[in-house]
Every structure is written in structure tokens, then in C-alpha cells.
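The values are calculated or read from the model by the stated rules, or taken from the named source; none is laboratory data. On a predicted model such as this, the values are computed, not experimentally measured, just so you know. Cβ coordinates were reconstructed from backbone atoms using ideal geometry, including for glycine residues, and neighbour counts include every protein chain displayed.
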Amino acid sequence: MPTQFEGPEKKLEVILSSPFAGLRENADGRWDRVIKASGSEKISVAATDVMDAYLLSESSLFVWDNRILIITCGQTNLINTIPVILEIVPEDVVALLFYERKNLMYPQFQLSDFETEAARIAAFFPGKSYRLGPANYDHVHIFYSSHAAISEDEDATLELLMHDLHPDAILMYTPEGGQTADDIVRLTGMDSLYPDMTIDAFVFEPFGYSLNAISGSYYFTIHVTPQPSGSYASFETNLVPPDYPDIINRVLNIFQPGRFSFVLTSSVNDQRIAVDTPISNDISGFQPTEKSLYELDCGYQVRFSNFIRN
């Protein structure tokens, strides 16, 4: 068994062509089965009128009436959730399936690699795969399968995938720091990133921290692997303001990483997001090492950049 924990996540998102009646219901244990299939366990659940947010032993699950998003780390395998999800929703209502996996720190301990996973997905949903970023440095693999036109006017997701956290930032999430989940929210200012969100957070033993924050249909989620040998933190939200460099700087100030990857996925119709505007001058203390923009044939575009601390 590995002694290092794999912080960088895998992400599976399923967008339906229309709201599916009863999708969020869990009286029959449907989402417990999905979580189990991923290799995770349920810790707690928070909800709004339009979404449910499950905090997991390895990250998070979010369920809306027309969308499913599951993010996991460690040795989890999200591909195992696809047949279970298809027991909940029929295949013909899936408009878009999107799978993302960052390059990992300890790939030798994983149960499969991206190419194997993409082939397994394609057995259910044929699609296309891409690598965003350089092969020998931080990069993200994506696979998507499009089955219906997506015309969302406002649909964007911002991700910050942060490595080499500052020792002072790491201390907050270790037993030596002695902080509770609520202490961390307050002391780091996570609760001020997007005020008035309901926050559900958990500190793991002996290491680790996860947080889900929700309001209406919006969320942000944070996951921290503080081991000095491979410290990592991720931030993701679907509440992306036009001045998103401001939220980026505030998150970076919390974790103070040595380097990070920026991923912005948005519908091509989302007029709030100016993906062609350079952000490097707005990220305090960092310089970009590469930048890419991919326009996919499913109605979405992905902007990817790596940044390193000056």
C-alpha cells in the first residue's frame, strides 16, 4: 500500500438534456451506491432547494435536477460509477459526459491510467480525449462525449489545482495545527470567498481537509492534502464572476502554493467569461509557463494555464 496520498483529483460530470424527475432522491440509496462504486464513503450532506452536496471521504458529489458532478482523489475510480448512474438515468437523456483527470504525483499506485479509463468510458459513451498542457509537466487529461447540443447561456467552472503549499499554510490542516473544521474556515477566511453560502467541512485523521459550500445552484469546494512530501490543494466553483482574477488571488493567498494549474471551462454562449483576455498580469506573485485555449465541438471551451511563483 502507498504511504503517500494522491491529492490531485478525477472529475466526472454528467449533464442531462432536461431535468429528470426525482434525480436528487436518495430514499432508495441510489447516491450511496454511486459513492460506494467510486471507492468513497459518505460523510455528510447539505442541500438547497435545487441541489444536494455530499461530502465524501475522497472529495465531493453534487446533484442537481439535470446534472451530476463527482470529484474524488486517492485511489478512487470514477469510471465504476457510470453503470450505477445509468441505473438511475437512462442513457438517452445524457446530453454530455465530461471526465477530467490531472496528472498524478504517484501514478504507480493507481488502479488504472487515463487511457484505460477513457477506453472504458467509450464503451458506454464514445467520445474524444485531449491533454491540456505539456506531457512532462503539470497537465490535465479530458474526455468528453456529446449527444445533444448544449446552449447554456451561463455555465462556467473555475478550477485551481495547487502544489507545493507554503509550510505555514500546511500547518493549519495537520494535527500539530490542532484546528477544527470550523476553525479552519474562520481563520483562513474561506467563508469570505463567497459570503452567505452554507458550509459543510471536515478534517480527516491523520491528514486532510474537505469543504463544500453551497447557495442556490452554486457551489465551491476545497480539498487539501497537506503532507509535506506532496502537498496539494484544489479549489473549484461554478460561481465565476467576470473579474475572476480577484477570487483567484484570494484563494492563492490562503494556500500560498509554489505552482498551480488554472482551468476555466465555460459554455461558448457565456458572455460573462472573456476567455481570450490574458490574466497573467492580474495574478500577484506568479508568472505563466504556458497557456492554451481549446474550443470543443460540444458547446464548451476550456482555458488552461500553468503558473509558477516568481
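Starting from residues that are part of a loop (DSSP other than H, G, I, E, B) and among the hydroxyl-bearing types (Ser, Thr, Tyr), keep the ones in the stretch 178-194 and report whichever is nearest to Gly208 (Cα to Cα).
If we filter the stretch 178-194 for residues that are part of a loop (DSSP other than H, G, I, E, B), which is where we start, we get 178-180, 189, 193-194.
If we keep only those that are among the hydroxyl-bearing types (Ser, Thr, Tyr) too, we end up with 180, 194.
Values: Thr180: 12, Tyr194: 22 Å.
Once the filter is applied, the top-ranked residue is Thr180.
Here the condition is being assigned to a helix (DSSP H, G or I) and more than 23 Å from Ser38 (Cβ to Cβ); of Ala123, Ala169, it holds for Ala169 alone. Taking each residue of the stretch 119-148 that is crowded, with 18+ Cβ neighbours inside 10 Å and looking for partners that are acidic (Asp, Glu) and part of a loop (DSSP other than H, G, I, E, B) with beta-carbon atoms closer than 8 Å, six or more apart or interchain, yields Ser146/Asp297. The set of residues in the stretch 7-48 that are in a helix (DSSP H, G or I) and either β-branched (Val, Ile, Thr) or crowded, with 23+ Cβ neighbours inside 10 Å (or both) comprises Trp31, Val34, Ile35, Ser38. Of the set (1) crowded, with 18+ Cβ neighbours inside 10 Å; (2) part of a loop (DSSP other than H, G, I, E, B); (3) among the charged types (D, E, K, R), all apply to Glu205 but (1). Annotation note: of His163, His141, the sole residue that is of a type outside the set (Lys, Arg), under 22 Å from Phe286 (Cβ atoms) and either assigned to a strand (DSSP E or B) or modelled with pLDDT of 95 or more (or both) is His163.
Could you list all residues from the stretch 273-310 that are part of a loop (DSSP other than H, G, I, E, B), surrounded by fewer than 16 Cβ atoms within 10 Å (Cβ to Cβ) and touching a helix residue (DSSP H, G or I) at 6+ places or on another chain (Cβ under 9 Å)? Talk me through it step by step, then tell me what you get.
Our first condition is that a residue be part of a loop (DSSP other than H, G, I, E, B); within the stretch 273-310, this holds for 273-279, 283-285, 296-299, 310.
From what is left, the residues that are surrounded by fewer than 16 Cβ atoms within 10 Å (Cβ to Cβ) are 274, 276-278, 284-285, 297, 310.
Result: Ser284, Gly285.
Tell me yes or no: at least one residue of the stretch 61-71 is farther than 30 Å from Pro241 by Cβ, touching a residue at least 24 places away in the same chain (Cβ under 8 Å) and of a type outside the set (Gly, Ala, Ser). Checked the stretch 61-71: no residue is farther than 30 Å from Pro241 by Cβ, touching a residue at least 24 places away in the same chain (Cβ under 8 Å) and of a type outside the set (Gly, Ala, Ser).
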